[in-house]
1. In region 299-320, which residues are crowded, with 17+ Cβ neighbours inside 10 Å, more than 16 Å from the ligand (Cβ to nearest atom) and assigned to a loop (DSSP other than H, G, I, E, B)?
2. What number of residues within region 113-167 satisfy the criterion of being over 18 Å from VAL190 (Cβ atoms), among the basic types (Lys, Arg), crowded, with 17+ Cβ neighbours inside 10 Å and in contact with a strand residue (DSSP E or B) (Cβ under 8 Å, 6 or more places away or on another chain)?
3. Any residue in region 117-138 that is closer than 27 Å to ARG433 by Cα, at pLDDT 95 or above and assigned to a strand (DSSP E or B)?
4. In region 355-362, is there at least one residue being within 12 Å of the ligand (Cβ to nearest atom), within 23 Å of TYR121 (Cβ to Cβ) and at pLDDT 90 or above?
5. Can you name every residue in region 15-33 that is in contact with a strand residue (DSSP E or B) (Cβ under 9 Å, 6 or more places away or on another chain) and away from the ligand (no atom under 16 Å from the Cβ)?
6. Is there a residue being out of contact with any Ser or Thr (no Cβ under 6 Å at 6 or more places or on another chain) and in a loop (DSSP other than H, G, I, E, B) anywhere in region 258-265?
7. Determine which member of the set GLU408, GLU427 is in contact (Cβ under 8 Å) with a residue 60 or more places away in the chain, within 16 Å of LEU32 (Cα to Cα) and either assigned to a loop (DSSP other than H, G, I, E, B) or not basic (Lys, Arg) (or both).
Amino acid sequence: MTDSVTLDSPLTLPCGAVIPNRLAKAAMTEGLADSELHATERHQRLYGRWSDGGAGLLITGNVMIDRTVLERPGNVAIDPAPSDGEPVGMAALRAWAREGTRNGNHLWMQISHAGRQSPRYVTTKPVGPSEVQLELMGNYARPRALSDAEIRDFIERFANVARIARDAGFTGVQVHGAHGYLLSSFLSPVTNQRTDQWGGSLANRARFLLETVRAVRERVGSDFPVAVKLNSDDFRKGGFSHEECLKVVKWLNDEGIDLLEISGGTYEQPRLLGHSGDEGTAHEPEQRASTRAREAYFLEYAQAIREVCQCPLMVTGGFRSRSLMEETLANGELDMIGLGRPLCTDPDTPKELIEGRIDQAVSHEQRLRLADRGWLSPASPLMPLKMINVLGGQAWHYQQIFHLADGEPVDLNLSVLGAFGRYFGYELSTAFRLKRTK
Ligand SMILES: Cc1cc2nc3c(=O)[nH]c(=O)nc-3n(C[C@H](O)[C@H](O)[C@H](O)COP(=O)(O)O)c2cc1C
């Protein structure tokens with residue numbers, strides 16, 4: 001059926017839009033907003049650069065529907081538009097969309113709410129399905145359980161932001177239903193302990209996500225791409241499981257989405273980045289440890305998802321070799337390949353892969369793992385600090401994104417600890433500026 005699909009094959013989505021090739025830049029939070037949480041020239045420069053890199057689809061990092069509960073202090077947030085006009089910050093969104101689509105590629109806005117995964121330096125009053133606190137380095141406050149009216153207001157906000165994205169010139173939206181943020185935390189029985197219509201059975205836990213997708217679709221119309229990012233598994237004992245994911249995918253079929261992106265894990269179990277997390281609460285589903293699965297670590301989950309999913313499927317996480325990307329497209333396992341970290345250091349990766357100039361997307365995550373250097377080995381008493389591995393690697397990639405956004409060369413010699421220091425300095429000063437402008 002799809003045996004002739006190659007990296008440069010266009011993909012026609014159910015809504016009729018066409019993505020010019022099969023490589024996508026996955027969502028990566030930018031942290032580049034100004035103190036009003038509006039997009040800036042740095043977004044324009046960054047996404048213009050990524051557009052030049054040849055991916056058929058660029059997905060923005062988290063764009064927040066609630067300015068009080070951010071995933072990071074530098075997130076772009078979009079407030080409800082007045083009924084008679086546009087929200088403040090619309091001109092900046094337009095400029096961002098224009099630069100990000102300058103080569104005829106798609107640019108989709110990832111719409112998100114951080115839920116309980118909003119750090120203390122952003123808010124001491126996060127919200128979630130229930131009062132289940134994220135225990136990670138003391139950095140997250142106990143969330144307050146949302147009321148029914150607040151959930152309905154957030155569904156309206158998701159739809160509103162999707163409509164604004166469309167009006168601003170973004171060519172699609174992605175609803176972030178993965179990684180433990182608000183919609184994802186509703187899916188998990190660990191974080192969602194509600195007894196009303198938003199908790200309990202899977203149908204109830206999935207209601208927030210499904211109603212959000214429905215509201216977004218209604219607001220943007222049938223000809224505009226609407227995608228969902230979903231965990232294949234939370235990898236958390238008692239959490240949202242692979243079996244539950246398969247059921248949610250079946251329900252999403254009825255909502256008429258255009259692309260499903262598969263990822264996995266949460267802050268506690270950062271499998272999205274190929275890292276394991278807290279061992280005490282981890283859940284390890286049976287997997288064959290094939291070479292393919294070691295590289296693209298959600299690929300085997302995607303095979304089961306493919307069987308139930310009726311829309312195009314994208315998998316993100318670990319894809320590096322051109323041969324594996326070509327193989328999974330050619331044999332019809334997937335429709336799109338998502339790439340994250342390699343594009344932080346070489347934004348031309350998609351073009352180079354498509355033109356056959358490289359066989360491997362270059363990544364630096366292995367050398368960024370402090371644990372691999374001994375002093376933070378699994379046997380070390382400092383192992384609870386293993387989140388430093390994850391954060392250090394993230395911080396390093398954030399710094400490279402800043403360089404691209406400033407039109408500077410990336411800094412491959414940056415040390416992990418150096419990146420860590422700069423990251424926290426930036427986050428804290430940005431959070432401080434934000435509080436002052438409130
Ligand atoms: C610096 C950085 C920022 C990220 N920010 C987001 C985000 O805002 N939204 C999201 O869904 N995933 C985010 N992710 C996860 C990526 O979309 C992707 O799932 C992950 O990096 C695995 O793909 P890769 O192995 O190609 O890097 C981020 C990853 C990195 C490295």
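1. CYS309, CYS311, PRO312
2. Within region 113-167, residues that are over 18 Å from VAL190 (Cβ atoms), among the basic types (Lys, Arg), crowded, with 17+ Cβ neighbours inside 10 Å and in contact with a strand residue (DSSP E or B) (Cβ under 8 Å, 6 or more places away or on another chain) number 1.
3. Checking region 117-138: at least one residue is closer than 27 Å to ARG433 by Cα, at pLDDT 95 or above and assigned to a strand (DSSP E or B).
4. In the first step, residues of region 355-362 are kept if they are within 12 Å of the ligand (Cβ to nearest atom); the result is 361-362.
Applying the additional criterion that residues be within 23 Å of TYR121 (Cβ to Cβ) yields none.
Looking for residues that are within 12 Å of the ligand (Cβ to nearest atom), within 23 Å of TYR121 (Cβ to Cβ) and at pLDDT 90 or above, one finds none in region 355-362, hence no.
5. Filtering region 15-33 for residues in contact with a strand residue (DSSP E or B) (Cβ under 9 Å, 6 or more places away or on another chain) gives 15, 17-33.
Once the filter is applied, which keeps residues that are in contact with a strand residue (DSSP E or B) (Cβ under 9 Å, 6 or more places away or on another chain) and away from the ligand (no atom under 16 Å from the Cβ), region 15-33 yields CYS15, ALA17, VAL18, ILE19, PRO20, ASN21.
6. yes
7. Details: GLU408 fails: in contact (Cβ under 8 Å) with a residue 60 or more places away in the chain.
Exactly one residue qualifies, and that residue is GLU427.
Table: residues versus (1) part of a helix (DSSP H, G or I); (2) within 16 Å of the ligand (Cβ to nearest atom); (3) at pLDDT below 95; (4) on the phi > 0 side of the Ramachandran plot.
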| residue | (1), (2), (3), (4) |
| --- | --- |
| ARG45 | yes, no, no, no |
| ILE59 | no, yes, no, no |
| PRO80 | no, no, yes, no |
| ALA95 | yes, no, no, no |
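The values are calculated or read from the model by the stated rules, or taken from the named source; none is laboratory data. The structure displayed is predicted, hence computed values, not measured ones. Please note: Cβ atoms are built from the backbone with ideal geometry, for glycine as well, and neighbour counts cover all protein chains shown.
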